[in-house]
Amino acid sequence: MERRTYAYAFLLPLAGWVFLAGCGEALSTSGLDVSTPVVESYLEEGKNTLSVKLYSMEVYLGEDFVLSKPLTGLNVRVNDRELVETEKGAYSLHLGSDTIRGQREYSLQFEYGEKTIRAVTRVPLPVSGLKIEPSYISRTSSSYYWGWGEDSTEIVLSWDDPDGSYYQVYVVSPGSSTVNTPSGPVFGRRMMQPFQGNRHVLHPMDFPSVGYYTLHLYRVNKDYAELYERISSTDLANPVSFIDNALGIFTSLSAGRVGFSVVEE
């Protein structure tokens, strides 16, 4: 099995956060205000680049609307190594021959608005034991158009889960682009809510067209799962953050993938 994946295809669209008027007061009582920065960073096990995006919040207060903008010119450090601003608000560091390693801690720090922003993440163990059974299904032309939705066959995606981690399954349909698109949805891709366990069951109706599918499995941290749940709900008045003096997320993940085919008889 090839472990290299396109992890950033599933990132949360944090830049779209909008905080309403009552929210500003809630944030102020917790030591945060509308000038609080938003952090977006996902470190993938096995990769050799650290990346962090920084931007301001979008704020709606009465009739005033302030758009989010990138935060530039900051001294951003991870594990006391300075990142380079490669474009406005985007900071990165190439690790050379080194890689982001499972079970290692990475700490983020920078100064903004007379406050020190800090966050720490521990990289999950690599995904192992990933398999899918069966690895393909066959479909006649008639069942493709009329009968495939009635097929109750279970297609089981399973993996090793030594530590009760959170996981997210992502299905890429045949012919879909693998270009990273963290800013919005992409046709032909579906992602499931993060969950705990060592298996995920799909059915033929989850694979509506003939061709080769790629299923991505992400081992994610609890902070990502909690933030995903909050953004998926309508409650943004009390934003979840595991970052000192900032909002957003500084987290890590590991990833694996496996193929599945739908063959026309």
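Numbers for the structure displayed
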quantity	calculated
Relative contact order (%) - criterion: Cα under 8 Å, at least six apart; region: region 73-173	20
Phi to ³J(HN,Hα) by Karplus 6.51 cos²θ - 1.76 cosθ + 1.60 over region 110-115, Hz, x for Gly, Pro	7, 9, 7, x, 6, 10
Potential lengthening between ARG118 and HIS203 on full extension [0.36 nm per residue; Cα-Cα distance subtracted]	26.3 nm
Extension reserve of the ASP163-ASP244 stretch, reckoned as 0.36 nm per residue once the Cα distance is removed	26.5 nm
Amide hydrogen neighbours beyond the local backbone of ILE249, cut-off 5 Å, H modeled	VAL39, GLU40, SER41
Linear extension gain, GLU264 paired with LEU95, 0.36 nm per residue minus alpha-carbon span	56.3 nm
Ordering of 71-82, 120-131 by packing [mean C-beta count within 10 Å, highest first]	120-131, 71-82
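Just so you know, all these numbers are worked out from the coordinates, no wet-lab data involved. None of the values given here were measured: they were computed from a predicted structure. Counting neighbours? That spans all protein chains shown, and the Cβs are built from the backbone with ideal geometry, glycine included.
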